[in-house]
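To start, the structure under review is shown below, and the notes come after it.
The values are calculated or read from the model by the stated rules, or taken from the named source; none is laboratory data. From a predicted model like this one, the values you see are computed outputs, not experimental measurements. Note: ideal-geometry Cβ built from the backbone for every residue, glycine included; neighbour counts use all protein chains shown.
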Ligand SMILES: Nc1ncnc2c1ncn2[C@@H]1O[C@H](COP(=O)(O)OP(=O)(O)O)[C@@H](O)[C@H]1O
Ligand SMILES: [Mg+2]
């Protein structure tokens with residue numbers, strides 16, 4: 001009945017809004033039209049936002065939807081945002097300066113040098129609110145033209161009250177990247193924010209970090225622990241991923257074949273970003289660039305192209321991440337990182353493996369391998385500095401690759417015994433052919449029951465470049481209803 005209702009709507013679509021496909025499937029920016037509310041974490045965030053004085057730490061692996069959640073939630077509340085993007089080279093003081101810049105209160109030394117008059121503007125009157133991506137631009141611009149200093153009279157308390165005056169929230173994105181020592185500043189500043197919350201009830205700091213626990217984002221001290229809401233954003237469930245596809249289908253007047261939708265969901269493995277990318281690639285492969293006038297069905301052929309395009313685009317990035325992950329500066333008894341990554345690739349991608357399972361797998365080859373090494377390197381490989389190839393699913397207590405493509409890639413490069421690691425060291429990485437082959441068999445396993453996965457036709461030239469089926473833009477999509 002439900003399916004029939006959808007089908008009718010699919011046929012009937014006429015003169016409603018038209019959207020560009022890139023505005024619907026947004027792998028590299030926060031989703032708006034296809035934003036899916038994630039009830040549990042959404043509610044917790046609302047509650048924390050509505051509790052005067054409550055400060056917030058949001059954590060979760062990269063790509064689980066933290067930024068999108070905060071954007072959508074605060075946009076719905078009409079909240080004004082000061083958005084500071086943290087980097088590993090920054091001190092906490094730099095973060096304060098960044099917030100200060102956003103309030104347009106800084107001495108422009110160049111101007112002062114030229115005119116010998118100091119220039120300072122009081123916040124509150126002429127405030128430039130920084131919205132997301134523009135933060136970096138404005139920062140880079142400032143770095144070229146001026147040397148920023150925090151005038152001695154500007155204390156964290158003053159910044160807090162300036163932000164409070166304009167009713168804004170201060171978002172510290174990627175806070176986990178700050179060096180450990182620098183993170184301590186946040187705990188103190190959160191306390192200042194709390195203390196003046198009687199005057200400014202909506203004043204908030206929201207620290208966002210790509211990490212498995214809130215503690216990895218910021219180590220909070222004593223009394224702060226109870227007064228800060230720590231919200232974990234988990235990987236997306238299958239039904240949430242499907243909801244993204246359905247929302248996109250309605251807005252673009254398309255319909256993914258069941259096998260295609262299943263394939264996208266299976267290969268997204270909880271990461272909304274991958275789901276958006278595959279959904280987008282499918283549309284482009286089927287020549288759907290905007291909302292279709294008459295319904296378009298997206299079939300297996302489009303999915304096949306979408307996947308190949310994804311692998312082509314990903315393989316350079318993935319290669320770079322593996323290089324970063326496995327780089328060693330010192331010769332040790334064990335080639336730990338490779339041993340760990342290789343062991344993980346032996347388990348099914350979706351299932352992952354517990355610490356114990358991985359240890360017993362490694363010990364078949366290295367009977368004395370110490371469990372402490374495994375813990376240490378698993379942790380390290382989850383970190384962005386090592387490419388964040390591995391994630392830990394806390395609810396299942398299992399580790400796995402952060403994306404199926406990493407899994408496939410690992411499988412391909414570690415298929416030879418570790419003794420032959422020179423292959424990796426000399427930069428002889430698998431060709432696209434090998435990856436595609438690996439991918440095909442992984443795909444067949446992952447989407448059992450679809451039957452026609454066998455029919456994937458992959459044309460690969462020996463130089464590793466895929467022969468594209470040239471389809472001029474504007475030609476008819478493959479299936480019209
Ligand atoms: N609730 C959601 N509904 C739909 N798409 C989402 C949602 N959350 C995230 N996404 C998509 O997932 C990708 C990653 O989201 P992002 O917020 O950048 O993750 P994070 O900040 O945790 O790394 C983006 O493409 C975004 O559009
Ligand atoms: Mg983010």
When the range 235-258 is checked residue by residue, the ones that are under 13 Å from residue 37 (Cα atoms) and either assigned to a loop (DSSP other than H, G, I, E, B) or within 16 Å of ligand 2 (Cβ to nearest atom) (or both) are 236, 237
Looking at the range 50-73, I want the residues that are within 6 Å of ligand 1 (Cβ to nearest atom) and have a partner that is part of a strand (DSSP E or B) with Cβ atoms under 6 Å, at least 6 apart or on another chain. Which pairs are those? 60/232; 62/210; 66/58; 66/60; 66/208
Looking only at residues that are within 16 Å of ligand 1 (Cβ to nearest atom) and in contact with a strand residue (DSSP E or B) (Cβ under 6 Å, 6 or more places away or on another chain) in the range 175-209, which one is nearest to residue 52 (Cα to Cα)? 206
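Conditions tested, residue by residue: (1) modelled with pLDDT of 95 or more; (2) within 16 Å of ligand 1 (Cβ to nearest atom).
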{"site": "247", "(1), (2)": "yes, yes"}
{"site": "270", "(1), (2)": "no, yes"}
{"site": "280", "(1), (2)": "yes, yes"}
{"site": "290", "(1), (2)": "yes, no"}
{"site": "302", "(1), (2)": "no, no"}
Any residue that is in the same structural domain as residue 220 (by TED's automatic domain parsing) and away from ligand 2 (no atom under 13 Å from the Cβ) - is there at least one of those in the range 63-71? no
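Results for (1) in contact (Cβ under 8 Å) with a residue 12 or more places away in the chain; (2) outside the structural domain of residue 178 (by TED's automatic domain parsing); (3) under 26 Å from residue 238 (Cα atoms), shown as yes or no for each residue.
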{"residue": "324", "(1), (2), (3)": "yes, yes, no"}
{"residue": "330", "(1), (2), (3)": "no, yes, no"}
{"residue": "336", "(1), (2), (3)": "yes, yes, no"}
{"residue": "346", "(1), (2), (3)": "yes, yes, yes"}
{"residue": "352", "(1), (2), (3)": "yes, yes, yes"}
{"residue": "355", "(1), (2), (3)": "yes, yes, yes"}
{"residue": "364", "(1), (2), (3)": "no, yes, no"}
{"residue": "382", "(1), (2), (3)": "yes, yes, yes"}
{"residue": "392", "(1), (2), (3)": "yes, yes, yes"}
Kindly list the number of the only condition in (1) surrounded by fewer than 19 Cβ atoms within 10 Å (Cβ to Cβ); (2) in the same structural domain as residue 81 (by TED's automatic domain parsing); (3) within 21 Å of the chain's Cα centre (by Cα) that fails for residue 170. (1)
Evaluation of residue 36 against (1) surrounded by 14 or more Cβ atoms within 10 Å (Cβ to Cβ); (2) modelled with pLDDT under 95; (3) near ligand 1 (Cβ under 9 Å from one of its atoms) (one fails), failing number: (2)
Residue satisfying all of: in the range 210-225; surrounded by fewer than 22 Cβ atoms within 10 Å (Cβ to Cβ) and more than 16 Å from ligand 1 (Cβ to nearest atom); nearest to residue 390 (Cα to Cα) among these: 215
Among the residues of the range 294-318, what is the count of those that are out of contact with any helix residue (DSSP H, G or I) (no Cβ under 6 Å at 6 or more places or on another chain) and either without any contact (Cβ under 8 Å) to a residue 24 or more places away in the chain or under 16 Å from residue 24 (Cβ atoms) (or both)? 4
Among the residues listed as 42, 23, the single one being farther than 22 Å from residue 219 by Cα, modelled with pLDDT of 95 or more, more than 8 Å from ligand 1 (Cβ to nearest atom) and out of contact with any strand residue (DSSP E or B) (no Cβ under 8 Å at 6 or more places or on another chain): 23
From the list 292, 325, exactly one residue is in a loop (DSSP other than H, G, I, E, B) and surrounded by 14 or more Cβ atoms within 10 Å (Cβ to Cβ). Which is it? 292
Of all residues in the range 213-234, which are away from ligand 2 (no atom under 15 Å from the Cβ) and part of a loop (DSSP other than H, G, I, E, B)? 213, 218, 219, 220, 221, 222, 223
So, of the residues in the range 363-399 that are outside any loop (DSSP other than H, G, I, E, B), modelled with pLDDT of 85 or more and out of contact with any helix residue (DSSP H, G or I) (no Cβ under 7 Å at 6 or more places or on another chain), which turns out to be surrounded by the most Cβ atoms within 10 Å (Cβ to Cβ)? 382
Could you say whether any residue in the range 231-241 is surrounded by 23 or more Cβ atoms within 10 Å (Cβ to Cβ), without any contact (Cβ under 8 Å) to a residue 60 or more places away in the chain and closer than 30 Å to residue 207 by Cα? yes
